[in-house]
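Asks: Okay, here's the structure, questions in a sec.
Every number in this text was worked out from the coordinates using simple rules, so none of it is lab data. Since we're looking at a predicted model, the values are computed, not measured. Cβ coordinates were reconstructed from backbone atoms using ideal geometry, including for glycine residues, and neighbour counts include every protein chain displayed.
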Amino acid sequence: MRASCHCIAALAAVLCPALMFAGTISGKVTYTGTPVKQKPIDMSKEPSCAQQHPTPITTETIVTGANNTLGNVVVYISAGADDANAPSQTVTFTQKGCQYIPHVIALHTGQELQVSNADQTSHNIHPLAKVNREWNKSQPPGSPAIQEKFDQPEFISVKCNIHPWMHGWFAVLKTNHYSITGDSGGFSLPNLPPGKYTVTAWHEDYGTQTQDVTITGNETKSIDFSFKAKAY
Amino acid sequence: MSEASAHAAQHAAPTGFIRKYVFSLDHKIIGLQYYGLALVAVVIGMVLSWLMRIHLIAPNWPIPGLQFLSKVGAPGGVMTPEYYLSLMTMHGTLMVFFVLTNAPFAAFGNYFLPIQIGAEDMAFPRFNMMSFWTTFVAFCILISAFFVGDGPPLSGWTAYAPLSAVGADSGPGQGLGQTLWGLSIFVFCIASLLGSLNFIATTLDLRTKGMTLARMPICTWAWFITACISLLAFAVLLPACLLLVLDRVGGTSFFIPSGLNISDHLQPHQGGSPLLWQHLFWFFGHPEVYIAILPAIGIVSHILINSMRKPMLSQKVIIYCMMSIGFLSYMVWGHHMFLSGMNPFSALVFSFPTLMITIPATIMTLIWLGSLYGSNLRINTASLFCLGFISMFVSGGVSGFFLAQPSIDIYLHATYFVVGHFHMVMGVAAIFAVFAGTYFWFPKMTGRMMNETLGRLHFWLTFIGTYCIFMPFHYLGLAGNVRRYSAFTDDFLVPLLPVHKFITYSALFTGAVQLIFLFNLIYSRFKGTPATANPWEATSLEWSTPSSPPPFDNFGGVHPVVYHDPYQYGVKSSTADYLMQTSPERAGETP
Amino acid sequence: MGGKIFAVLVIVIAIASAVPIITHTFLGASVTPPQDISTHGAEIDKQLDETMIEAGLSFLAAQLLLGVFVWQFGGRKAGPLKNFPGGSKYLVLAALLLVGAEAIALGAMGTKAWAKVYFQPASADALPIQAQAGQFAFYFRYAGPDGKFGAIHPEKIDEGNSNFFGLDPENDIPARDDITSGELVIPVNKEIHLMMHAKDVGHSFYVRELRIQQDFVPGLDLSLHFTATKVGRYEIVCTQLCGLGHYNMKAYLNVMSQDDFDKWLKAQSS
């Protein structure tokens, strides 16, 4: 009897380390140098959208915060974690004011993406996939949300064929451990069982960086990424 | 022509259902097959135009059921901008090729040209059968574009490069759909060329005894002249389509220059010229519109002479006018390209013959009008559609006068003014001629009359309806309303929406009216009043066949002998006020 | 009976068709060209008016004749036949002379209007602006203080980053001060030399008020020149079918006073 209790406990400990040990990798992404000034977007060809931005919005390639923090960086576990299954929740991507909200989304391969149009004008969403199937679909106002999935991991640039300034990104990953930095640059990857991990930080313009991190127990490991700003 | 060649071309009586009605060598069956194909095409084309017109006045309104035609093109029934353009492309392609080239020319021409010259059949009956079935294959290839991947192409029936030439990058529908379009038209060209060869050989070689060229009815002349124009025109479109398909799938660059960045995809092509496509296309495209209208002119003139009980003031002049229009039609293609970036001097060069084409068109119109004077014009559905044709031809023709001038074209190019012009002068006018021909020749083709009351109702409502649809297009054009837009969102277009609503309601109404015609056609085929042998008291050879419909060899083994031209109306004869071409009687004094 | 109905109908339709042309309105909408703000448009408008009068009169005359003859001779009890006086001879002559003269006169008149737009190159002190048409927007480029346009690199086009022309400011010095704008902003009463570049497929440039229209052809260096005479905001629309967004492809032409334009240009540079 006592032996079987011990067996069960040991089995549980081996099989469910997450119950007992789960670490976190977190940190900040910053930049050095002077980023290019973001340009204001001229939406005059689409008055229904231009009206929504009395002060024109700017391009979102470089989003920064105080203390040189960098936003819209996708930080994720690129090696060391199980290739988890796609979660059942839908990831949403909205077209509003002729802008993609949010600018960058991350989703798992096979996870359902839902694109909706909140504007009075038609949009044509065109993910420029090179590995996945490239498609584009028009979405008139009042038509149903578009539902799609991507099978392969890829960073996909997304454009609207009708409104050339619209730009966004789909980070299709084969992990659920990802975090996208806000303009304060912070990211957090919790629920990591002990192991050796490779953490990748991807920025649409400044490129990709990796760091290796080992988690042994419940600790929070702090790492930072620093990208070099480009002059042009 | 020789008796020997006349016999050699003919064939034995067909036996069995397939040989009689499907793979028939009989020009009459083939003519009916072309007519049937044109009827299917015009119904599809018309439904497409309804969908387009509904979308234009309510772009975000779901059209119930449309999502079953295309889930991608109309999600939730709401037509996407690209699907509108795809429907527009298919509308134009179906109407110009499969309706306007088929019905007045291939359908009626095939049926009546051999009979009107006294022949047993076309010169090459097997070629003739192949022509129709090749056309049918072309039709199937075109329609299949609705059901492939991204749907039908969206570059218009004019398929300008590079939009049509680069492939899927340039937009939805520009993948397989556009390639199928190119293949379909390529096959259609082959069918047309075969048909034209047949018409020409038949007219020159198989005329019966006494049937000199001068004694051929005016519609036979029109079919013959059209076949000559057709030969050169389709011979140019054929390789053009091949080159287009090669650019798309063969890695060539006939029409695509270097340095194109389409939707973030750099195109690998270099060295080609988009203008080359425009030249090739319009070198075909302009004669094509005359291929559509000349048979209509012939049919209308033929029926009018019979209805007026009096020849035209001069048939010869009309025939010379048709010939000169055919000749001039090859010199004007650049008027579609005034603003295309060609050397601006060329615009003046093309403008001159374009303005000159007005002359034969005006001469014909004045001859029609002048011939009506002093005639005993019988009013029936067929003659009403002929009169409607004259009215439409005038209305559509005068707007051409504006477009022929490059300086005015600067403002009116690519506006609804152009769309109004060609719909009236080519679309509606030719369809009126087809209606006239149908009502007129129905007794000969079926042995029954069409219902006259329904026919008149069809005419009045269609005449008013088509004016209500297409006259306002000119007003829109003067306001600068751009064409080929799937929605009118620009500041200057929004105030024009009431005009568009008026047009859409007129179009839906006029479309519904055509059900009267369809019903009349089908009902009369089976239950129509039996017709006499020559219900219109007409002179030409088709009315002297031993039965209606004529036997398989048209004249029951007898070769007719012709004694007159087909214009012996208003003459004193033993029967009435006309003399048939086969009657050896000589005309008395004009009563 | 049917003949008389047709006669009345065709004349009513002809007159009804002419009314909106004369009143310039149909169902409450204005259906006439808008005000002309160009230096060459007066000749085009005159050409249009002349043609409208001649075409309009021909149209009305033909439909009227058709109506009158069908009224007189349509469906009547069969009587003696008559021929139009002179037969076909005078009609042919009339068509040849009248239409021929009309065509030659209008053709000659129109040559002048056409020449003004197309036969003269832009004057040496015209303001050069580059216009790029691409699916589905127009963008315009000014040379900036150095007066030179940077080179276009199609492979460097990055619309999400506002690099619509594919400029390479890092390596190409003239490109650094180029000003890109989504509106065509121009000073009034100053000749503009618009250099037209097609990024992907065929497009066209059309401003109704300027009485100007010209295709963008991929692979060809085309240009237009014009002078706007009235301050205001006008629409530039694409008139060459270019894909799904063709209906939505437009930009505003913003005509400003010279002072306002100079201020605007300066503000763009900063």
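Asks: Tally Lys and Arg at +1 and Asp and Glu at -1 over the other residues with C-beta under 15 Å from the C-beta of C:Val255: what net charge comes out?
Replies: With Lys, Arg at +1 and Asp, Glu at -1, the net is -2.
Asks: Quick one: if you stick a label point 7 Å off each Cα along the C-beta vector at B:Ala512 and C:Gln268, how many nm between them?
Replies: 5.3 nm
Asks: If we count every other residue with Cβ under 14 angstrom of A:Pro87's Cβ, Lys/Arg +1 and Asp/Glu -1, where does the sum land?
Replies: Result for the local shell: -1.
Asks: Normalized C-alpha radius of gyration of chain C, against 2.2 N^0.38 Å?
Replies: 1.42
Asks: Output the relative contact order of the stretch A:80-232, whole-number percent, from Cα pairs under 8 angstrom with separation of 6+ residues. Can you show the working numbers first?
Replies: Working: 298 pairs, mean separation 30.6, N = 153.
Here the relative contact order equals 20 percent.
Asks: Could you tell me the center-to-center distance, by alpha carbons, between the stretch B:437-456 and the stretch C:26-52 in angstrom?
Replies: If you average the Cα positions of each part, the centres end up 47 Å apart.
Asks: A further question on this structure: If the cut-off is 18 Å between C-alpha atoms, which aspartates and glutamates fall inside it for C:Lys82, apart from same-chain ones fewer than 8 positions away?
Replies: Filter leaves B:Asp577, B:Glu589.
Asks: So which lysines can B:Lys20 reach, going by Cα to Cα under 19 Å and dropping same-chain residues fewer than 8 places off?
Replies: B:Lys28, B:Lys444
Asks: Springs between alpha-carbon atoms under 10 Å, Gaussian network over chain A: tell me which of A:Thr210, A:Thr109, A:Thr69 tops the mean-square fluctuations.
Replies: A:Thr210
Asks: In nm, to one decimal, how far is the A:Glu219 label point from the A:Ser188 one, both placed 7 Å along Cα→Cβ?
Replies: Roughly 1.9 nm, to one decimal.
Asks: Can you give me the angle between helix A:2-15 and the longest principal axis of chain A, using Cα atoms only, in degrees from 0 to 90, rounded to the nearest 10?
Replies: The helix A:2-15 is inclined about 30 degrees to chain A.
Asks: Show the residues, 5+ positions off or on another chain, whose built amide H is closer than 5 Å to the amide H of A:Ile223.
Replies: Residues meeting the criterion, in which the H sits 1.01 Å from N, are A:Ser26, A:Gly27, A:Lys28.
Asks: So for the stretch C:127-269, considering every pair of alpha-carbon atoms, how many percent are separated by more than 19 Å? Intermediate values should be presented prior to the final figure.
Replies: On the way: 4998 of 10153 pairs.
The answer is 49 percent, as a whole percent.
Asks: Plugging the Kirkwood radius over Cα pairs into Stokes-Einstein for the stretch B:3-155, at a temperature of 20 °C and a viscosity of 1.002 mPa s, what D comes out in µm²/s?
Replies: The diffusion coefficient I find is 123 µm²/s.
Asks: Can you give me the span-like helices of chain B, meaning DSSP H runs with 15 Å or more of Cα extent along the axis and Kyte-Doolittle mean at or above 0.0?
Replies: B:27-57, B:125-144, B:176-205, B:218-249, B:274-308, B:315-328, B:344-356, B:358-372, B:381-403, B:429-446, B:452-478, B:497-527
Asks: Can you name the helices of chain C, as whole DSSP H runs, whose Cα span along the helix axis is 20 Å or more and whose Kyte-Doolittle mean is not below -0.5?
Replies: C:2-23, C:41-73, C:100-118
Asks: Same structure, new question: Please report the antiparallel percentage of DSSP beta bridges with both residues in the stretch C:127-269, rounded to the nearest 5. Provide the component values of the computation, followed by the final result.
Replies: Working: 27 of 38 bridges.
Approximately 70 percent, going by the DSSP bridge assignments.
Asks: So, one more: Find the all-direction average of the projected area of the Cα convex hull for the stretch B:105-194, expressing the result in square nanometres with one decimal place. Could the numbers behind the result be given before it?
Replies: Numbers: hull surface 25.5 nm².
The Cα convex hull of the stretch B:105-194, projected and averaged over all directions, gives 6.4 nm².
Asks: Among C:Lys46/C:Lys190; A:Lys39/C:Lys250; C:Lys148/C:Lys250; A:Lys137/C:Lys250; B:Lys209/B:Lys310; A:Lys37/A:Lys221, which pairs are too far apart, with a Cα-Cα distance over 28 Å?
Replies: A:Lys37/A:Lys221
Asks: What whole-number volume per residue, in cubic angstrom, does the convex hull of the C-alpha atoms of the stretch A:124-205 give? Write out the running numbers ahead of the final one.
Replies: Working: hull volume 12.6 nm³, N = 82.
Once divided by residue count, the hull of the stretch A:124-205 is 154 Å³.
Asks: Hey, can you grab everything whose amide H is under 5 Å from the amide H of C:Leu127? Only 5+ residues off in sequence or another chain; H modelled, so Pro and N-termini drop out.
Replies: When sequence neighbours closer than 5 places are left aside, the close amide H contacts are C:Glu191, C:Ile192, C:His193.
Asks: Taking each pair of different alpha-carbon atoms in the protein assembly as shown once, compute 1/r for the pair, average those values, and report the inverse of that mean as the Kirkwood hydrodynamic radius in Å to one decimal.
Replies: Working: mean 1/r = 0.0309 Å⁻¹.
32.3 Å is the Kirkwood radius here.
Asks: Taking square-rooted eigenvalues a ≥ b ≥ c of the alpha carbon gyration tensor, is the stretch B:530-591 rounded, prolate or oblate, where a/c under 1.5 means rounded and, failing that, a/b exceeding b/c means prolate?
Replies: It is oblate, given that a/c is not under 1.5 and a/b is not larger than b/c.
Asks: Can you run phi through the Karplus equation (6.51, -1.76, 1.60; θ = phi - 60°) for the stretch B:408-416 and list ³J(HN,Hα) in whole Hz, with x for Gly and Pro?
Replies: Values per residue, Gly and Pro as x: 6, 4, 3, 8, 8, 4, 6, 10, 5 Hz.
Asks: Let me ask something else. Could you tell me the distance between the Cα centroids of the stretch C:225-260 and the stretch C:57-121, to the nearest Å?
Replies: Result: 39 Å between the Cα centres.
Asks: Do any of B:Lys501/C:Lys199; C:Lys230/C:Lys266; B:Lys316/C:Lys4; A:Lys149/B:Lys71 go past 27 Å between their Cα atoms, and which?
Replies: B:Lys501/C:Lys199; B:Lys316/C:Lys4
Asks: Treating each Cα of the stretch C:36-120 as an identical point scatterer and ignoring solvent, apply the Debye formula and state log10 I(q)/I(0) at q = 0.16 Å⁻¹.
Replies: Those come out to -0.80, one per q.
Asks: Moving on to the next point. Before rounding to the nearest 500, sum -39500 (n - 2.57) across all DSSP H runs of length at least 4 in chain B and divide by the residue total; then give [θ] at 222 nm in deg cm²/dmol. Show your work: numbers first, answer last.
Replies: On the way: 18 runs with 335 residues, N = 591.
Computed ellipticity for chain B at 222 nm equals -19500 deg cm²/dmol.
Asks: Using modelled backbone amide H atoms (1.01 Å from N, in-plane), which distant-in-sequence or interchain residues come within less than 5 Å of A:Val158's amide H?
Replies: Amide H to amide H, under 5 Å and 5 or more residues apart or across chains, A:Val158 pairs with A:Leu128, A:Gly168, A:Trp169, A:Phe170.
Asks: So what is the 222 nm mean residue ellipticity for chain C from helices alone, if each DSSP H run of at least 4 adds -39500 (n - 2.57) and you divide by all residues, rounding to the nearest 500 deg cm²/dmol?
Replies: -12000 deg cm²/dmol
Asks: Through the Karplus equation 6.51 cos²θ - 1.76 cosθ + 1.60, θ set to phi - 60°, convert the phi angles of the stretch C:166-182 into ³J(HN,Hα) values in whole Hz; use x for Gly and Pro.
Replies: x, 7, 10, x, 5, 10, 10, 5, x, 6, 5, 9, 5, 10, 9, 9, x
Asks: Also, quick follow-up: Averaging sequence separations of C-alpha pairs under 8 Å and six or more residues apart, then dividing by the length of chain B, give the relative contact order as a whole percent.
Replies: 15 percent
Asks: Further question: Mind listing the phi-derived Karplus ³J(HN,Hα) values for the stretch A:223-232, rounded to whole Hz, using 6.51, -1.76 and 1.60 with θ = phi - 60°, and x for any glycine or proline?
Replies: 10, 10, 10, 10, 9, 8, 5, 9, 6, 10
Asks: Considering only DSSP beta bridges with both partners in chain A, what is the antiparallel share in %, to the nearest 5? Walk me through the numbers on the way to the answer.
Replies: On the way: 45 of 64 bridges.
Around 70 percent antiparallel, to the nearest 5.
Asks: If I take every Cα pair under 8 Å that is 6 or more residues apart in the stretch B:530-591, average their sequence separation and divide by the length, what percent do I get for the relative contact order?
Replies: Relative contact order for the stretch B:530-591 comes out at 31 percent.
Asks: I would also like to ask the following. Whole Å is fine, so just give me how far the alpha carbon centre of the stretch B:140-203 lies from that of the stretch A:22-94.
Replies: When both Cα centres are located, 45 Å separates them.
Asks: Which percent, nearest 5, of DSSP beta bridges in the protein assembly as shown are antiparallel?
Replies: Details: 80 of 111 bridges.
So the antiparallel bridges amount to about 70 percent of the total.
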